[in-house]
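Structure, as structure tokens:
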Amino acid sequence: MAITLYDAVPSSNSDRVKIVLHEKGLPYERVTLTLAKKEQKRPEFLQLNPYGKVPVIDDDGQVLFESCIINEYLDEKYPDPPLMPKDPYLRGRGRVLVDYALNYAHEPYWALRGEMLKSEAERNTAVLEETRRSLGALLRYLEDALADKSYFLGGLSLCDIAIVPRFLRMETYGALPAPNLLQLNGWLQRMKERPSVKQIL
């Protein structure tokens, strides 16, 4: 029985799950919700996810939500190809990097997003410059974490997949590529060249 993915477009959280499904070659059916119409808040959807958010997967009656949790489940249930290293430290390190990228660096990212969602005439140039500068300073940690590796943990992992949708948005918002973040620039380009990522662009 096929996996059903409840998603939305655009949705960085949904994109994370789509990348894993494509990397593993897993067939799935999509049920795309229109967030502007609050379809994710309808009672029938809240029975699947009380948070009222996408994505949700239904794998033969087994329902899960929250993108990173879904991806860990998919990697454990469908281990070929594996998307996490066996080494316990590297697994923990990957979770640290995801937490840093999505939570610790969230405030300037969210401020930048808010400004960029305004019409061009309404955007505050000083706010844009400051949020890009603040975000760039926080991204140094991730720049150093790459340390000449192709991917954060050496090979492609759930860590890269969790982070890349956010970084694609940063690129759209003018925070990347950046002249002092050469490792991240290269990593983002490598990720964009993967077929699994191309299908969400």
In terms of the alpha carbon gyration tensor, root eigenvalues a ≥ b ≥ c, rounded if a/c is under 1.5 and otherwise prolate when a/b exceeds b/c or oblate, segment 138-201 is oblate
Rounded to a whole number, the Stokes-Einstein D of segment 48-91 in µm²/s (Kirkwood radius over Cα pairs; 25 °C; 0.890 mPa s) is 210 µm²/s
Carbon/sulfur accessible area of the chain, % of total, 1.4 Å probe, equals 53 percent
Working note, segment 93-145: Cα radius of gyration (Å, one decimal) and Dmax (Å, whole number) are 12.7, 42
The farthest towards the positive end of the charge dipole of the chain, of the residues Gln183, Leu128, Pro55, given +1 on Cβ of Lys and Arg and -1 on Cβ of Asp and Glu, is Leu128
Counting only DSSP beta bridges with both partners in the chain, the antiparallel fraction in percent, to the nearest 5, comes to 65 percent
Result row for the chain, helices from DSSP H with C-alpha axial extent 30 Å or more and mean Kyte hydropathy at least -1.0, is 125-146
The ³J(HN,Hα) series, computed from each phi in segment 49-59 with the Karplus coefficients 6.51, -1.76 and 1.60 at θ = phi - 60°, rounded to the nearest Hz and given as x for glycine or proline, is 9, x, 6, x, 9, 9, x, 9, 10, 10, 9
Between Tyr89 and Lys149, the two model label points (7 Å from Cα along the beta-carbon direction) sit apart by a distance in nm of 1.1 nm
Residues whose modelled amide H sits under 5 Å from the amide H of Thr32, counting only those 5 or more places away in sequence or on another chain, are Asp7
Accessible-area order for Lys86, Lys53, Lys38, Lys24, largest to smallest, probe 1.4 angstrom, reads Lys86, Lys38, Lys53, Lys24
For Thr172 the rounded accessible area (nearest 10 Å², probe 1.4 Å, non-protein molecules ignored) is 100 Å²
For segment 1-114, the Cα gyration tensor yields equivalent-ellipsoid semi-axes (√(5λ), largest first, whole Å) of 24, 21, 12
Under a 1.4 Å probe, counting only protein heavy atoms, Tyr104 has an accessible area in Å², nearest 10, of 140 Å²
Under a 1.4 Å probe, counting only protein heavy atoms, Leu168 has an accessible area in Å², nearest 10, of 20 Å²
Calculated from DSSP helices alone, with each H run of at least 4 adding -39500 (n - 2.57) and the total divided by the residues of the chain, [θ]222 nm to the nearest 500 comes to -15500 deg cm²/dmol
Scoring the chain by relative contact order with C-alpha pairs under 8 Å, at least six apart, yields a percentage of 22 percent
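The values are calculated or read from the model by the stated rules, or taken from the named source; none is laboratory data. Computed from a predicted structure; not experimentally measured. So basically every Cβ, Gly included, is an ideal-geometry build from the backbone, and we count neighbours across all protein chains shown. We work out accessible area using only protein heavy atoms, side chains counted, and drop any ligands, DNA or RNA first. Shrake-Rupley method; radii C 1.70, N 1.55, O 1.52, S 1.80 Å.
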